[in-house]
Amino acid sequence: MNIGAVIRENRKNKNMTQEEMASRLGVTAPAVNKWENGNSMPDIMLLAPIARLLDITLDTLLSFREELTAEEVSSFIEEADGRLKKESYEDVFNWAKKILQLYPNCESLILQMATILDAQRIIKDIPDCEKYDDYIYDCYNRILYSKDENMRKRAADVLFGFYVRKKQYEKAEEVLEYISEQNPERKRKQAQIYSETGRIQEAYQTYEELLFSGYQIMSAVFHGMYMLALQDKNMEKAHAFADKQTELAALFEMGRYHERACKLELATLEQDVNATIDIMEKMLAGLSDINHFSKAALYEHMTFQEPREEFMHELRDNLLACFSDEETYGFLKEDKRYQELLKS
């Protein structure tokens with residue numbers, strides 16, 4: 001609420017006319033009318049007398065608050081959106097500046113207001129739009145120093161886009177420091193900068209690293225959901241999640257071993273003899289290209305360490321030892337295919 005609205009509301013609460021208020025303050029009635037309509041502001045020397053006359057504090061008169069509720073912030077943003085549809089950009093910009101002056105510490109309002117003003121310049125052909133850069137930049141930059149990590153990240157996101165649009169790539173790269181290294185968005189944005197600045201090999205490698213780590217994360221997510229399905233004794237859903245893991249391994253070019261391994265436990269739990277042995281055979285055959293991803297086109301700009309021959313032999317021996325576990329695979333011991341497999 002602006003100062004004029006506060007004056008009007010509290011004057012009426014005291015059943016006081018504009019003329020009565022003007023008389024007590026030593027000003028004219030038209031002056032009070034202009035305050036209430038937002039056409040002018042009271043002289044700073046009158047603020048304390050106005051507050052005393054209306055029996056309110058200066059903070060109330062000036063609408064000073066450290067924070068606004070989420071609903072109040074949304075209300076201001078909705079008003080800004082409505083004004084942008086009916087009024088000139090410059091008028092709305094000046095209105096928004098006054099609102100932010102009233103709530104200089106409300107980070108959510110500052111960030112959202114700056115974002116909607118910035119976005120409007122992209123959507124519409126605003127004359128001399130560069131003259132608003134400094135103020136919008138300052139709004140974004142203030143939030144970069146927020147104590148709230150989420151707010152810093154949001155500000156960094158929009159400021160990154162701000163700099164990329166202006167082809168100020170060095171500044172865009174500096175902004176990435178405000179995004180956690182654990183956040184994959186930081187790496188994706190870094191790849192975008194590499195691409196925009198002609199560093200094609202670095203861009204490819206960074207995107208490929210995101211793909212590779214993304215596979216590991218998604219595979220772990222599907223496995224977690226698969227385990228939940230087992231806990232719920234929902235075998236149909238467990239099969240669906242195991243199928244998804246297989247499809248994921250194929251999509252990310254992980255190789256035959258990884259495509260098959262995720263289904264072994266399920267076949268074993270169901271004591272499906274043929275399915276269990278089929279998977280075992282394919283896993284053993286797939287050991288030869290367990291490092292298939294290192295040669296895949298998806299990751300051609302990444303460097304992987306080739307497994308030593310001794311390691312591959314050891315891996316095969318360990319896998320056969322695992323398959324020999326009678327407690328787990330005892331239901332297979334009479335099957336000739338299984339017996340031949342353990343001798344391979």
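Using Cα pairs closer than 8 Å and at least 6 residues apart in sequence, work out the relative contact order for segment 207-344, in percent.
Once divided by the residue count of segment 207-344, the mean separation gives 20 percent.
Net charge near MET227, counting Lys/Arg +1 and Asp/Glu -1 over other residues with Cβ under 13 Å of its Cβ? Walk me through the numbers before you get to the answer.
Numbers: positive: LYS233, LYS237; negative: ASP232, GLU265.
Its environment carries a net charge of 0.
Report, in debye and to the nearest 20, how large the dipole of segment 45-170 comes out about its Cα centre when Lys and Arg carry +1 and Asp and Glu carry -1 on their Cβ.
With Lys and Arg at +1 and Asp and Glu at -1, about 220 debye.
Please work out whether the chain counts as rounded, prolate or oblate from its C-alpha gyration tensor, where a ≥ b ≥ c are the square roots of the eigenvalues and a/c under 1.5 means rounded, while otherwise a/b larger than b/c means prolate and anything else oblate?
prolate
Is the shape of segment 3-61 rounded, prolate or oblate, going by the alpha carbon gyration tensor and its root eigenvalues a ≥ b ≥ c, with a/c under 1.5 for rounded and a/b larger than b/c for prolate? Intermediate values should be presented prior to the final figure.
Values: a/c = 1.22, a/b = 1.10, b/c = 1.11.
Rounded shape, in that the Cα axes give a/c under 1.5.
Return the inverse of the average 1/r over all pairs of distinct C-alpha atoms in segment 70-201, which is the Kirkwood hydrodynamic radius, in Å to one decimal.
15.7
Go ahead and estimate [θ] at 222 nm for the chain from helices alone: -39,500 (n - 2.57) per DSSP H run with n ≥ 4, summed, over the residue count, rounded to 500.
Taken over the chain, the calculation gives -21500 deg cm²/dmol.
Rounded if a/c is under 1.5, else prolate if a/b is larger than b/c, else oblate: which is segment 214-343, with a ≥ b ≥ c the root eigenvalues of its Cα gyration tensor?
Cα axes put segment 214-343 in the oblate bin.
For each of SER146, SER344, count neighbouring Cβ atoms within 10 Å of the residue's Cβ, then give the residues from fewest to most.
Details: SER146 18, SER344 10.
Least to most surrounded, the residues fall as SER344, SER146.
Span-like helices, the chain: DSSP H, alpha-carbon axial extent 30 Å or more, mean Kyte-Doolittle 0.0 or greater, which ones?
Correct list, ordered by number: 200-231.
Size of the dipole of segment 3-61 about the Cα centre, Lys and Arg at +1 and Asp and Glu at -1 on the beta carbon, nothing else charged, in debye to 20?
With Lys and Arg at +1 and Asp and Glu at -1, about 80 debye.
Note down the relative contact order for the chain as a percent, whole number, built from C-alpha pairs under 8 angstrom at least six residues apart.
8
State the answer as a single residue: which of LEU159, PRO184, TYR194 lies farthest towards the positive end of the charge dipole of segment 156-212, with beta carbon charges of +1 for Lys and Arg and -1 for Asp and Glu, about the Cα centre.
LEU159
May I ask you to list the trypsin sites (Lys or Arg not before Pro) in segment 231-323 that are in a DSSP loop and have at most 14 other Cβ atoms within 10 Å of their Cβ?
In loop regions of segment 231-323 (DSSP not H, G, I, E or B), the sparsely surrounded trypsin sites (Lys or Arg not before Pro) are LYS233, ARG308.
Only Cα pairs within less than 10 Å get springs; with that Gaussian network setup on the chain, which residue of LEU287, LEU25, LEU159 has the largest fluctuation?
Looking only at LEU287, LEU25, LEU159, the biggest GNM fluctuation is shown by LEU25.
Below 10 angstrom from the Cβ of GLY4, what's the summed charge of the other residues (Lys, Arg +1; Asp, Glu -1)?
Counting the neighbours of GLY4, the net charge comes to 0.
Give, as a single signed number, the net charge of other residues whose beta carbon lies under 14 Å from the beta carbon of THR17, with Lys and Arg counted +1 and Asp and Glu -1.
So the surrounding residues net to +2.
Cut-off 10 angstrom, C-alpha nodes, Gaussian network model of the chain. Which of GLU247, GLU327, GLU185 fluctuates the most?
GLU327
A short reminder: the numbers here are calculations on the coordinates, not readings from a lab. Because the structure is predicted, anything quoted here is derived from the model rather than measured. Backbone-built Cβ (ideal geometry, glycine too); neighbour counts: all protein chains shown.
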